[in-house]
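Let me begin by presenting the structure, written as structure tokens, before commenting on it.
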Amino acid sequence: QAILDQLQGLTADDVVLFLLSGGGSALIEALGEGLTLGHLRTLTRELMRAGADIVELNTVRKHISIIKGGQLARRAQPATICALILSDVVGDDLSAIASGPTAPDPTTFADGLEVLHKRGLAERNKPPRSLRGAESLRAGDVVRYLERGVRGEIPDTPKPDDPIFKRVHNVIVGSNRLALEAMAQEARRLGYAPQIVSDVLTGEAREVGRAIARLVRERARNATKPTCLLWGGETTVTVRGHGIGGRNHELALGAAIELDGVREVALLSAATDGGDGSSAAAGAVIDGATSARAQERNLDTERALAHNDADRFFAALGDQVITGPTLTNVNDIVVALITQNKSE
């Protein structure tokens, strides 16, 4: 509210500087009339429990907020806005970073209401069994608020053709791509031939790890000089067990299985914020001998994957990447080094 108060009474001669990063969605919020943080907490928990993805979650949250989805930029008009942005979103979608308070929002109230219907949270007469008492009433309040928006009683979030964005300058100052480019530059200095393979890495972590390992194995077979392959993005984990780990641990473990016995190859997968899922480590390092070393210690790679317990697996080997909190986040990075040289 203090930020909104400071934006009142600005003129066309004013310049507003916003510093945005991942986590902004949680750190700054003001909700529509009649809605409270209790509504937001209930909504977020129930959408996640119902299987909503981050796109669906943000679509609803933008439309019960008066800040998200470009609405902070609307509040600052007619001033000029410069937003310096640290991206934690794969692909750097401005409308998704911190829920896009200074970016156009292509979604509508109708889209938000559709998400609630899809996830079974919009039936007033049959609320989800997980909702009781006040929580059930809160869900109904959110539905009614979105319905008011659909009827045009509440202004929708500003769209890409809104003239307010002529005076908004969104500048990405840090991102996964920029991190990969810096890593490639350092790899070149160290004598490796670098290649950024992708900065939009997504998918099931263990399967992505296997796919990356197959590519690394093929490249190692034909390498004529030391090579550094780079990926960035953020994979996901389908939790089946009760172990400790995260997407980078599972990616590395999937790669270790696939690279078993391959010489002069090493791979690192790590989270740039220093924490990976339920693990306190950022990720792990593997090579062609990881599986063999695990067998010597009676560690079962497949069992660790089946129980989502890659943290304990790599901790036992001493192969975790432990940085502590880095206080920044540009998603995850994967580095594969091929040191063998077929031309020798």
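The values are calculated or read from the model by the stated rules, or taken from the named source; none is laboratory data. Here the structure is a predicted model, which means the values were calculated and not measured. Ideal geometry is used to build each Cβ from the backbone, glycine not excepted, and the neighbour counts take in all protein chains shown.
Filter segment 150-186 for residues that are assigned to a strand (DSSP E or B) and either over 30 Å from Leu72 (Cα atoms) or of a type in the set (Val, Ile, Thr) (or both) and give the result.
Selection gives Val168, Val171, Ile172, Val173.
Counting only residues that are under 20 Å from Pro163 (Cα atoms) and of a type in the set (Val, Ile, Thr), which one in segment 53-80 is surrounded by the most Cβ atoms within 10 Å (Cβ to Cβ)?
Step by step, filter segment 53-80, then rank; the result is Ile67.
Could you count how many residues in segment 136-163 are over 28 Å from the mean Cα position of the chain (by Cα) and closer than 16 Å to Pro101 by Cβ?
1
Sort through Val335, Val330 and tell me the only one that's of a type in the set (A, V, I, L, M, F, W, C) and either under 24 Å from His242 (Cβ atoms) or assigned to a loop (DSSP other than H, G, I, E, B) (or both).
Result of the check over Val335, Val330: Val330.
Quick check on segment 295-313. Is at least one of its residues touching a strand residue (DSSP E or B) at 6+ places or on another chain (Cβ under 7 Å), in a strand (DSSP E or B) and within 30 Å of Gly22 (Cα to Cα)?
No: zero hits.
Which residue out of Arg189, Arg167 is among the charged types (D, E, K, R), under 30 Å from Asn222 (Cα atoms) and at pLDDT 95 or above?
After applying the criteria, what remains is Arg189.
Are any of the residues in segment 32-52 closer than 27 Å to Asp161 by Cα, in contact with a Pro (Cβ under 8 Å, 6 or more places away or on another chain) and surrounded by 19 or more Cβ atoms within 10 Å (Cβ to Cβ)?
Looking through segment 32-52, none of the residues is closer than 27 Å to Asp161 by Cα, in contact with a Pro (Cβ under 8 Å, 6 or more places away or on another chain) and surrounded by 19 or more Cβ atoms within 10 Å (Cβ to Cβ).
Which residues, counting only those in segment 278-294, are in contact with a strand residue (DSSP E or B) (Cβ under 7 Å, 6 or more places away or on another chain) and more than 22 Å from Arg217 (Cβ to Cβ)?
Residues satisfying the conditions are Ala281, Ala282.
What's the number of the only condition in (1) out of contact with any Gly (no Cβ under 9 Å at 6 or more places or on another chain); (2) surrounded by 24 or more Cβ atoms within 10 Å (Cβ to Cβ) that Gly241 fails to meet?
Here Gly241 clears every test but (2).
Within segment 188-238, track down each residue that is over 17 Å from Leu253 (Cβ atoms), of a type in the set (D, E, K, R) and surrounded by fewer than 16 Cβ atoms within 10 Å (Cβ to Cβ).
Passing the criteria: Arg188, Arg189, Glu218, Arg221, Lys225.
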